1. Can you pull out every residue in the stretch 376-392 that is at pLDDT 90 or above and loosely packed, with under 14 Cβ neighbours inside 10 Å?
2. Residue under question is residue 120, and the condition is that it be of a type outside the set (S, T, N, Q) and touching a Leu at 6+ places or on another chain (Cβ under 7 Å); does it hold?
3. Based on what the data block shows, is residue 317 over 17 Å from residue 95 (Cα atoms), modelled with pLDDT of 95 or more, in the same structural domain as residue 116 (by TED's automatic domain parsing) and of a type in the set (Gly, Ala, Ser)?
4. Hey, among 124, 173, 130, which residue is farther than 17 Å from residue 280 by Cα and within 16 Å of the chain's Cα centre (by Cα)?
5. Quick one: what pairs do we get from the stretch 160-174, first residue in a helix (DSSP H, G or I), second surrounded by 24 or more Cβ atoms within 10 Å (Cβ to Cβ) and hydroxyl-bearing (Ser, Thr, Tyr), C-beta under 8 Å, 6+ apart or different chains?
6. Of everything in the stretch 313-349, what is touching a strand residue (DSSP E or B) at 6+ places or on another chain (Cβ under 6 Å) and of a type in the set (Phe, Trp, Tyr)? Give them in sequence order.
7. Among (1) surrounded by fewer than 24 Cβ atoms within 10 Å (Cβ to Cβ); (2) farther than 25 Å from residue 146 by Cα, where does residue 81 come up short?
8. Which of the residues belonging to the stretch 338-391 are free of Cβ contacts under 8 Å to residues at least 24 places away in the same chain, in a loop (DSSP other than H, G, I, E, B) and closer than 30 Å to residue 270 by Cα?
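The values are calculated or read from the model by the stated rules, or taken from the named source; none is laboratory data. Since the model is a prediction, treat every value here as computed from it, not as a measurement. Cβ coordinates were reconstructed from backbone atoms using ideal geometry, including for glycine residues, and neighbour counts include every protein chain displayed.
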Amino acid sequence: MSATYPPTFEEIALADSVAAWGAAVDGLANWCAGVIERGATPPELAVDWMRWWSSATTRRRPRWTSPNEVAFETPVARLRAFSTGERSRVVPTLVLPPQAGHDSCIVDFSPEQSQMRAILAADLRPAYALDWIGATASTKDSTIDDYMEVVDRAIEHVGGRVNLIGDCQGGWLATIYAGHHPERVNTLTIAGAPVDFHAGEPVIHAALKRLAPGGNLAFFRGLVAAGGGVLRGEHMLAAFIGMRPDNEIARQLQLLSNLDDPVQLQRYREFEDWFTYTQAIPGPFYLWIVEHLFRDNALIAGKLAVRGEHVDLGRIACPLNLLAGAADHITPPDQVFALADYATTPSEQIVRETAAGGHLGLFMGHEALREHWPRLLAAVRRHSQLKAPIRGSVAQRALQP
């Protein structure tokens, strides 16, 4: 296969796969070399494998790493306030994290890898993030309306108008909200968020066509039924790993070779704590996503209605900031950038950024946080100076010196 420029998604995926297998081979080779160098005995090899097994299977609950307070909590989400110290006279910023069976703290992964800290560093304060709560027996019947309601409540709580930032699923949720309530969205920023779910070469859409032949969603309904009315988080995790099993193999063999490196071991544990600590998604909400977004692509087809109201992307005229990953096999860049084709935002108020990495790197990767988010957030800041007090007691207190 001859290389093209810019490379196709297929070429990027192949290069990533080659790199992952190379990392796996390197990891195994490094471990074997270490075994030979130290003349490890069979009992010592057994200890290595026990240490590897302990590190690979021991999990802690992931946590938010920046100071924050819970402003309110609903059955499906809690609102976290991150503003500390002196507050800026700008429109508040609200982040909608991914909601794909993992904890929302991916947006505040570590002190060095935190989207929330990047927002504060850009002088966008007050800053807030929703924290999605995994489905339980009492919330398993939650719908898209419940999620839209909590976004609406959060925006009302912080003053009635926000800079809205959405990552992945949080991005299309933010887009739907902006299409419903454009007067409440000062700027809209989405990262790795599908808007045109069929654009590019989406792995998820290809899988859907195989699992739902002719559009029949029986397989997905079966998953929800098997979970007692929810999509269990471990099913989502298995799907993510199944998309790129070579990455999982490489990660585990790299762990084996780095058992005596405390820095690498800590990085592994931090990521695995988040990646494998899953939470359930309400069945009706999940099936709505599969049917209306993944299958029917109704958001851009102009056929989507939420809470009894048609979603019109043409009503979105605010400044847009769009971030995609060149190697994102979950949400190809075309799916993200499609929003610019349907919104009525002037072209000079649209910022497009493409990071070199993949999907998760858009939210917590060093490159994205160092090179791309500062430019996006600077654009948000330029459009955010308050000309009049915003509504809401919380927001008004935040603006007091």
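1. 382
2. Details: of a type outside the set (S, T, N, Q): yes; touching a Leu at 6+ places or on another chain (Cβ under 7 Å): no.
In short, no.
3. Judged against the criteria, residue 317 is a match.
4. Of the residues listed, the single one that is farther than 17 Å from residue 280 by Cα and within 16 Å of the chain's Cα centre (by Cα) is 173.
5. 173/147
6. The answer is 337, and nothing else.
7. Condition (2) is where residue 81 drops out.
8. none
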